Amino acid sequence: MNDSIFNSIKKVLGIAEDYHAFDVDILMHINSTLAVLNQLGVGPADGFSVIDDTQTWIDYMGIDARLNLVKSYMALKIRKDFDPPNSGFVTNAITAQIDEYVWRIATA
């Protein structure tokens, strides 16, 4: 099982691993989201960056099962930023879910 942060985010976005047209954009959104998570106290104290498909979830957050929702948070946050929905209702629903994840991460 490939536990690559980059490839798993690409998969959630519906982008094939071997399609590279949006790699720079996706990496920018991943690293911005990692910075937010760092401010919430998740990950290494000195921060974490994804530069390609070799950085894994375990490299980032270890094996703490309480942090499994970090993956869902990142997927929703990046999907909303990278490819925002056309519907305001969907945007509001995604934003509410993101806000809940932030609260749960902050209190974990």
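The values are calculated or read from the model by the stated rules, or taken from the named source; none is laboratory data. Keep in mind the model is a prediction, meaning the values are calculated, not measured. Glycine gets a Cβ as well: all are built from the backbone with ideal geometry, and neighbour counts include every protein chain shown. Please note that ligands, DNA and RNA were not included when accessible areas were found on the heavy atoms of the full protein model with its side chains. Shrake-Rupley method; radii C 1.70, N 1.55, O 1.52, S 1.80 Å.
In the chain the Cα-Cα distances spread across 10 Å bins starting at 0 as 14, 49, 32, 5 percent of all pairs. Summing Lys and Arg as +1 and Asp and Glu as -1 over all other residues whose Cβ lies under 14 Å from the Cβ of Ile78 gives a net charge of +2. Surface composition of the chain: carbon and sulfur make up 55 percent of the accessible area, probe 1.4 Å. The dipole here belongs to the chain: it is taken about the Cα centre, uses +1 on the Cβ of Lys and Arg and -1 on the Cβ of Asp and Glu, and is about 420 debye.
Heavy atoms of the protein chains alone define the surface here; on that basis the chain has 59 Å² accessible area per residue at 1.4 Å probe size. Under a model in which nothing but the beta-carbon of Lys, Arg (+1) and Asp, Glu (-1) is charged, the range 1-56 shows a dipole of about 200 debye around its Cα centre. Can you list the DSSP H helices in the chain whose Cα atoms extend at least 27 Å along the helix axis and whose mean Kyte-Doolittle hydropathy is -0.5 or higher? Span-like helices, by this rule, are 88-107.
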